[in-house]
Amino acid sequence: MARVALVTGGQRGIGAAISEALQAQGRKVVASYAGNDAAAEAFTQRTGIPCYKFDVSDYDQCATAIAKIAAEIGPIEILVNNAGITRDGTMKRMDREMWDAVIDTNLGSCFNLAKLVWDGMAARKFGRIVNIGSINGQAGQYGQVNYAAAKSGIHGFTKALAQEGARSQITVNAIAPGYVDTEMVRAVPPDVLEKIIARIPMGRLGRAYDIARGVAFLTADDADFITGSTLSINGGQHMY
């Protein structure tokens, strides 16, 4: 029977590429989304991948959704914590609401979802968790203390949780993407984007599929000796 994979934020951008890569690998994929009903419906119509709407930062909503997915699709054996937001601003301009929103969504969601699927994975002696970090969690970024803190936290969360999961055959890894050609990056002013690309040794932005290939590799059934690792996919921009 095909293993069920949940990709949070899995209907757009990098998340959509991950969902489709896992589907191509033979997984029964489910995507979560926060609010764009039209995009979710279009994605499902195009791919056949069902989308479930819930707030990944809200533990109770996550619990309800995980129970519903288990009842309708099957128990989750692969979890990709991809959902994330930005609320950029320098420390002078950032308020507590901007801080909390990013920490709760980007980092808190990793706890929420991992907590809810953990016991089932442990009981079945199989689990794959991949948390999507960021180059900015490794190197920092001006005006992103909230985002950088959340993504850096993901890398530490991954290493600690991997140690807990090893005895139950649950692997926990992270991917740290560099700058990828998504809607968010394309919104960057052209002159700024040009400077970003100039700092990438490979001379281009990443593609969403570059990240998806990494997820497919780390979640393979035979990737059972890789855990606690952070795979940097950034074109050589930051070698860590």
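Okay, here's what the table says:
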item	result
Crossing angle, helix 145-165 versus the chain [Cα axis fit, 0-90 degrees, rounded to tens]	30
In segment 1-101, trypsin sites (Lys or Arg not before Pro) in a DSSP loop with at most 13 other beta-carbon atoms within 10 Å	K92, R93
Estimated [θ] at 222 nm from DSSP helical runs (n ≥ 4, -39500 (n - 2.57)) normalised by residues in the chain, nearest 500	-14000 deg cm²/dmol
Cα long-axis angle, helix 13-24 against the chain (0 to 90 degrees, to the nearest 10)	30
Calculated FRET efficiency for the pair V188/A39, C-beta based, R₀ 22 Å, to 0.05	0.60
Trypsin sites (Lys or Arg not before Pro) restricted to segment 117-211 and DSSP loop, no more than 16 other C-beta within 10 Å	K125, R199, R204, R207
Relative contact order (%) - criterion: Cα under 8 Å, at least six apart; region: the chain	20
The chain: angle of helix 208-218 to the longest principal axis, Cα-based, in degrees nearest 10	40
Pairwise centroid distance, computed over Cα atoms, of segment 1-55 with segment 131-204, Å	21
Check: segment 157-240 dipole with +1 on Lys, Arg Cβ and -1 on Asp, Glu Cβ, in debye	220
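Taken together, the values in this text are just the output of simple stated rules run on the coordinates, not laboratory data. None of the values given here were measured: they were computed from a predicted structure. Every residue, glycine as well, gets a Cβ built from its backbone with ideal geometry; the counts of neighbours run over all protein chains shown.
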